[in-house]
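A quick write-up on the structure given underneath.
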Amino acid sequence: MWTDALTLAQDGGRALTSETAGEAVEGADGAQGTGGGAAPTGGGGLGYILPLMLVGFMALILFQALGQRKNDKKRRALLSQIKRYDRVQTIGGVIGTVMELKDTEVVLRTDEHSDTRIRFSRSAIQQVLTGGAEDTEAPNDEPVATTA
């Protein structure tokens, strides 16, 4: 009785004779035209696309990490090459002249007229605008010799 209902459902609901019922029961194991009883392989191109997407994702992460390492190296070189009287810009947009350098701090003169000085962390320096004493006037207490 159960097999009759199963074969009716698989055969689209048409009446089965004893000859067609045997054929329907053979086809009920999921083999569509294979006759061997093996399950069909499906999925199409998804089996190929998924590994390619994973490899691409891993390559993207690798390239980003290498690029970040390169940028960090350039930034460390910039911060280590800052010297007195360089004109710099901070990450906050403050532009000033380097007056004092310490291991972790930099003192910038932001206004020449009132001699306003602000202390920043060395890591707050974003870029060096102009370099050295040849571009910026030195304060009166320390004259800079220029060659003609």
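Brief remarks follow.
- Residue within segment 106-115 that is closer than 22 Å to Lys73 by Cβ, free of Cβ contacts under 8 Å to residues at least 60 places away in the same chain and over 29 Å from the mean Cα position of the chain (by Cα) present: yes
- Residue ranges of strands (runs of 3 or more DSSP E) in segment 67-111 with at least 1 members at pLDDT 90 or above and in contact with a Gly (Cβ under 8 Å, 6 or more places away or on another chain): 87-90, 105-111
- Selection of segment 74-120 for residues being open to solvent by 60 Å² or more (accessible area, probe 1.4 Å) and aliphatic (A, V, I, L, M) yields Ile91, Ile95, Leu101, Ile118.
- Listed by first and then second residue, the pairs with beta-carbon distance under 7 Å, at least 6 apart or on different chains, first residue in segment 81-98 and under 8 Å from Val128 (Cβ atoms), second assigned to a loop (DSSP other than H, G, I, E, B) and aliphatic (A, V, I, L, M), are Val88/Ile82.
- In segment 113-136, the residues that are of a type in the set (Val, Ile, Thr) and at pLDDT below 90: Thr130, Thr136
The values are calculated or read from the model by the stated rules, or taken from the named source; none is laboratory data. Keep in mind the model is a prediction, meaning the values are calculated, not measured. We place every Cβ from the backbone using ideal geometry, glycine too, and count neighbours over all the protein chains shown. All accessible areas refer to the heavy atoms of the entire protein, side chains included, with ligands and DNA or RNA removed. Shrake-Rupley method; radii C 1.70, N 1.55, O 1.52, S 1.80 Å.
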